[in-house]
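In what follows, a single structure is set out as structure tokens and then discussed.
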Amino acid sequence: MRFLTARIVAVLLAAALAGCGFHLRGEGSGNLPYKTMYIALPDTSDVNLWLQRYIKASGQTELVDDAKRAEAVFQQLTENKQKTVLSINALGRVREYRLQLSYTFRVINAKGQVLVPPNEVNLTRDISYDDSNVLAKGLEEELLWRDMNNDLVNQIMRRLSIIKPKNPDREETE
């Protein structure tokens, strides 16, 4: 009897979750409004590699190798990485650094008309520093840069899926 009750409760809970519109963050969040896309970045770029993975995982947008065949072309306008001193100790040695990543992108069509105007993403991370652990802090810094790149691509994908692209042909005729 208890088993049957537990089973009924589980089914009702699953039905309630499905009915309320709940879905995992990865599901459907990367649906881009383009059928084909070209990423105008070097093949070795971290952003390019991660963008390709996310777009392929979304399954609805096909990546093409030629910008002329693409409905949308992703372009990087600027990428700035900075490491600045955040604080120093009483001896004048660095105690903390601030890592900053600023990235600007846009999306155009094959004719060069802007579909998504320039968007800027700014990310900041603070890292403590210790002279006695130089190697460990160097590895920690690399991990933070990698985490910032991953966060950058997540934000780019969210923006591309949320921003409704302009229709440049319609604007020209008006």
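Numerical summary
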quantity: Counted charge near Gln52, where neighbours are those whose Cβ lies closer than 13 Å (Asp, Glu -1; Lys, Arg +1); calculated: -2
quantity: Values of log10 I(q)/I(0), in the order q = 0.12, 0.16 Å⁻¹, for the stretch 26-167 under a Debye, Cα-only, solvent-free model; calculated: -0.56, -0.84
quantity: The stretch 95-110 - phi-based ³J(HN,Hα) in whole Hz, Karplus 6.51/-1.76/1.60, Gly and Pro as x; calculated: 10, 9, 10, 10, 9, 10, 10, 10, 9, 10, 9, 8, 10, 10, 9, 5
quantity: Backbone HN-Hα couplings from phi across the stretch 61-67 [Karplus 6.51/-1.76/1.60, Hz, Gly and Pro as x]; calculated: 10, 9, 8, 10, 8, 10, 5
quantity: Per-residue ³J(HN,Hα) for the stretch 81-87, Karplus 6.51 cos²θ - 1.76 cosθ + 1.60, θ = phi - 60°, Hz, x for Gly and Pro; calculated: 10, 10, 10, 10, 6, 9, 8
quantity: Nitroxide proxy distance, nm - points 7 Å out along Cα→Cβ at Arg93 and Ala16; calculated: 5.7
quantity: Cut-off of 10 Å, at most 14 other beta carbons, DSSP loop: longest stretch of the chain lacking such trypsin sites (Lys or Arg not before Pro); calculated: 112-174
quantity: Reach of Lys164 by Cα under 19 Å, taken over lysines that are not fewer than 8 positions away in the same chain; calculated: Lys35, Lys111
quantity: Straight-distance crosslink candidates among lysines, where the alpha carbon sits under 27 Å from Lys83 and sequence neighbours closer than 8 are dropped; calculated: Lys137
quantity: Under the span-like rule (Cα at least 15 Å along the axis, Kyte-Doolittle mean at least 1.6), DSSP H helices of the chain; calculated: 2-19
quantity: Placed amide H near Arg95: partners under 5 Å, 5+ positions off or other chain; calculated: Ser87, Ile88, Asn89
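FYI, it's all coordinate maths here, none of it is from the lab. What you see is a predicted model, and the numbers here were worked out from it, not measured in a lab. Cβ atoms come from the backbone with ideal geometry, glycine included; neighbour counts cover every protein chain shown.
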